[in-house]
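The values are calculated or read from the model by the stated rules, or taken from the named source; none is laboratory data. Since we're looking at a predicted model, the values are computed, not measured. Every residue, glycine as well, gets a Cβ built from its backbone with ideal geometry; the counts of neighbours run over all protein chains shown.
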Amino acid sequence: MSQREVLLDILDRQALYPLFQPIIDLHQGNVIGYEGLIRGPTESALHFPLDLFRAAEDADLTVRLEMLCIYIVMTRFMETTLPGRLFVNISPFALLAGALSDPLLADFMDERSGLAGRVVFEITEGSPHMDNASVVAGLMRLRDRGFKIALDDLGEGFSSLRLWSDVRPDYVKLDKHFVTGIDKDPVKLQFVRSIGQIAKKSNAIIIAEGIEHRAEFLILKEMGICLGQGYFIGRPVIHPERVPSEAAQACLRDAVVSVASWSKTLLQHGRQARLLLNEVPTVTVATMSEDALKVLLVNPELNVLPVLDGKVPVGLLSRAMVDKFSHGYVRDLYSRKSCTFFMEKLPLIVDVEMSIIALSQLVLQQGQKRFADGFILVRDGVYAGVGSNFALMQEMTKIQIQEARYANPLTMLPGNVPINEQIEMLLSNSQRFCACYVDLDWFKPFNDMFGYGRGDELIKLTAKVLMNHADSGIDFVGHIGGDDFFVLFQSPDWELRCKAILREFDNVVQSYIQQENLGGDCYIAEDRRGHRAEYCFPTLSIGAVPVGRGQFTEHHEIAAATAEVKKAAKKILGSSLFVDQRETSIPQSRSLVAA
């Protein structure tokens, strides 16, 4: 059978089956609805939707296929009595071609249907040649009939933002690209934050698609994104659960705070692009090239000249225009034509509220050739001014100097200020965690005997061991200074992690001693009074304070408590863990010596 014949057979037999993926409230944890997805026959070459819809497009059967998909999804949704809303995909092409008017869908589209008021139509990306006004009118008619509208895959295609502006959808689904790795990418973080601000102003609800990892879930939740879906929450299945996955429930139940909050805080409270704003002369798309040239000649300090269409920036003229007009034939040919002929048509345009860090990432992506052009700054889409990349470099240097004050230069782990900020964030979220003061024993005589180079190496090895056993998504490792570290565990198995740290540290030290030929179990060195004494090689002491809700009010109290139990841990021979259980106002401590 040809591919068209296979597809026709599937359509005639209605041999499609639906899957449902839950969409949850990222703050309350309840399932608010399901997205209905479609699959072809299991053994068919058209099983996956990409192959199925590509075949339909080749066979000019897209409208019929979409109509059948909607029918099957709605039918099964009603049969399974799933709660909440049903999110159904439809393309602009199928919408305008009347797919929803098919008699097969009449009962579901009726206002007396059991689905009345529960269906959300997700409008997918259309063709660049499609009449946008007709699509908007079609969506408005759906809304008048009581259906909700969602804009699907925001950021994926060309028309998303324009549709958002014209339709004002009830929901906006953020494309997976901007969700994946958001905890590690400041540009994605800034993009999602900006989208959240637009959504708030337009009364739209953001749905983050493609959440696959805990760190993504946590940071989106902390950013205030309302709804989410993805494998971390629940996979698309025929008979979906009515609650999110156990992993998602654990994040909600334990109120875990993402470690990425530290970098997020720096972005939120850091310097913003508006600090780089310069007001310069502008020209319009109607300005003749000769007149634009005069503006550049009259202002010799001007490197770029913005070109506006009304209040919206559309391009940049550079000083290179002066050189071009030095050739007589250029002046003769173009002096009376629009200056848009000479402008850069794709300048970098950013909002004044964008962070300096995110802006620097965008500038780097543009490459060296356009570095001299700088960028245009807008406020709510309206031209505000320009900024230079030289000024951006100066601000980045200031930020790097500021961050260096907050990070230890040897290990590059966050120092006292971010440690205290993270403690305060955990306390403000009423989060249970364990604060651990980690200290090297017998470090000073080792450093004096074998030199600061080997001492620094041991400190870096310690940092590596701590990072190896901390959960990078929710546990925070800081370096107070010297041989003192601080770990904030949100992992419920923190005690096992501490014991693993002690075991690995002892193994690492022994390997290092043998590799460097530093001797056996002990060595002889002078003490502070000049007397020769026998010392053990460094061990590790961990003073742990489990922190319950409402037990402490500020980071100073936790610092004092951990310092106390760290002293107790150091009194125990060898690498040791001392756990302080503060269930009353009078501390009751117990010690655990590492195996």
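Test of understanding: among Val382, Val417, which residue is without any contact (Cβ under 8 Å) to a residue 60 or more places away in the chain and more than 26 Å from Leu364 (Cβ to Cβ)?
Val417
Can you find, within segment 326-355, the residue that is farthest from the chain's Cα centre (by Cα) among those that are of a type in the set (A, V, I, L, M, F, W, C) and under 20 Å from Met288 (Cβ atoms)?
Restricting attention to segment 326-355, the residues satisfying the condition of being of a type in the set (A, V, I, L, M, F, W, C) are 330, 333, 339, 341-343, 346, 348-350, 352, 354.
Now drop any that are not under 20 Å from Met288 (Cβ atoms), which leaves 330, 333, 339, 341-343.
Details: Val330: 48, Leu333: 50, Cys339: 40, Phe341: 39, Phe342: 38, Met343: 34 Å.
Filtering first and then ranking leaves Leu333.
In segment 216-229, what residues are part of a loop (DSSP other than H, G, I, E, B), surrounded by 23 or more Cβ atoms within 10 Å (Cβ to Cβ) and in contact with a helix residue (DSSP H, G or I) (Cβ under 8 Å, 6 or more places away or on another chain)?
Correct list: Ile225 only.
Give the residue that is modelled with the highest pLDDT, with candidates limited to residues of segment 316-368 that are closer than 19 Å to Ile399 by Cα and either assigned by TED's automatic domain parsing to the domain that holds Arg193 or among the hydroxyl-bearing types (Ser, Thr, Tyr) (or both). Steps first, please.
Going through segment 316-368, the residues closer than 19 Å to Ile399 by Cα turn out to be 352-364.
Applying the additional criterion that residues be either assigned by TED's automatic domain parsing to the domain that holds Arg193 or among the hydroxyl-bearing types (Ser, Thr, Tyr) (or both) yields 355, 360.
Values: Ser355: 78, Ser360: 84.
My answer is Ser360.
In this structure, does Leu458 turn out to be assigned to a helix (DSSP H, G or I), on the phi < 0 side of the Ramachandran plot, touching a Pro at 6+ places or on another chain (Cβ under 7 Å) and assigned by TED's automatic domain parsing to the domain that holds Gly550?
yes
Just to be sure before I move on: is Lys173 in contact with a strand residue (DSSP E or B) (Cβ under 6 Å, 6 or more places away or on another chain) and of a type in the set (D, E, K, R) in the structure I sent?
Against the criterion (in contact with a strand residue (DSSP E or B) (Cβ under 6 Å, 6 or more places away or on another chain) and of a type in the set (D, E, K, R)), Lys173 qualifies.
Of the residues Leu16, Leu82, Leu52, Leu86, which single one is outside the structural domain of Gly138 (by TED's automatic domain parsing) and either among the hydrophobic types (A, V, I, L, M, F, W, C) or touching an Asp or Glu at 6+ places or on another chain (Cβ under 7 Å) (or both)?
Numbers: Leu82 fails: outside the structural domain of Gly138 (by TED's automatic domain parsing); Leu52 fails: outside the structural domain of Gly138 (by TED's automatic domain parsing); Leu86 fails: outside the structural domain of Gly138 (by TED's automatic domain parsing).
Going through Leu16, Leu82, Leu52, Leu86 in turn, the sole match is Leu16.
So if I check each of Gly181, Gly196, Gly146, which one is on the phi > 0 side of the Ramachandran plot and under 19 Å from the mean Cα position of the chain (by Cα)?
Going through Gly181, Gly196, Gly146 in turn, just one is on the phi > 0 side of the Ramachandran plot and under 19 Å from the mean Cα position of the chain (by Cα): Gly181.
Residue-by-condition table, conditions (1) among the small types (Gly, Ala, Ser); (2) in contact with a helix residue (DSSP H, G or I) (Cβ under 9 Å, 6 or more places away or on another chain):
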| site | (1), (2) |
| --- | --- |
| Leu139 | no, yes |
| Phe147 | no, yes |
| Asp153 | no, yes |
| Trp164 | no, yes |
| Val167 | no, yes |
| Gly196 | yes, no |
| Lys200 | no, no |
| Ile205 | no, yes |
| Arg214 | no, yes |
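Name the residues in segment 476-502 that are of a type outside the set (Gly, Ala, Ser), surrounded by fewer than 16 Cβ atoms within 10 Å (Cβ to Cβ) and assigned to a helix (DSSP H, G or I), would you?
Within segment 476-502, just Leu496 meets the criteria.
Can you confirm whether segment 430-448 contains a residue that is farther than 30 Å from Arg529 by Cα, modelled with pLDDT of 95 or more, under 33 Å from the mean Cα position of the chain (by Cα) and part of a helix (DSSP H, G or I)?
Among the residues of segment 430-448, not one is farther than 30 Å from Arg529 by Cα, modelled with pLDDT of 95 or more, under 33 Å from the mean Cα position of the chain (by Cα) and part of a helix (DSSP H, G or I), which makes the answer no.
Only one of (1) buried (at least 21 other Cβ atoms within 10 Å of the Cβ); (2) touching a helix residue (DSSP H, G or I) at 6+ places or on another chain (Cβ under 7 Å); (3) of a type outside the set (D, E, K, R); (4) closer than 30 Å to Cys251 by Cβ is not met by Gly29, so which one is it?
Evaluating Gly29 over (1) buried (at least 21 other Cβ atoms within 10 Å of the Cβ); (2) touching a helix residue (DSSP H, G or I) at 6+ places or on another chain (Cβ under 7 Å); (3) of a type outside the set (D, E, K, R); (4) closer than 30 Å to Cys251 by Cβ leaves (1) as the failure.
Exactly one condition in (1) of a type in the set (D, E, K, R); (2) in contact (Cβ under 8 Å) with a residue 24 or more places away in the chain; (3) part of a loop (DSSP other than H, G, I, E, B) is not met by Glu290; state its number.
The single condition Glu290 does not satisfy is (3).
Looking at (1) part of a helix (DSSP H, G or I); (2) over 22 Å from Pro240 (Cβ atoms); (3) touching a Gly at 6+ places or on another chain (Cβ under 6 Å), which one does Val73 not meet, given that it meets all the others?
(2)
Enumerate the pairs (first residue in segment 135-152 and outside any helix (DSSP H, G or I); second residue anywhere and of a type in the set (Gly, Ala, Ser)) with beta-carbon separation below 7 Å, excluding pairs fewer than 6 apart on the same chain, so at least 6 apart or on different chains.
Listed pairs, sorted by first residue: Gly146/Ala116; Gly146/Gly117; Leu151/Ser160.
So is Glu301 among the acidic types (Asp, Glu) and assigned to a loop (DSSP other than H, G, I, E, B) or not?
Answer is yes for this residue.
Which of the strands (runs of 3 or more DSSP E) found entirely inside segment 530-595 contain at least 3 residues meeting this: surrounded by 11 or more Cβ atoms within 10 Å (Cβ to Cβ), modelled with pLDDT of 85 or more and within 32 Å of the chain's Cα centre (by Cα)?
539-547
Name the single residue that is modelled with the lowest pLDDT among those in segment 404-429 being of a type outside the set (S, T, N, Q) and in contact with a Pro (Cβ under 9 Å, 6 or more places away or on another chain).
Here the residue is Tyr406.
Looking at (1) closer than 28 Å to Lys201 by Cα; (2) surrounded by fewer than 18 Cβ atoms within 10 Å (Cβ to Cβ); (3) hydroxyl-bearing (Ser, Thr, Tyr), which is the only condition Ser338 fails?
(1)
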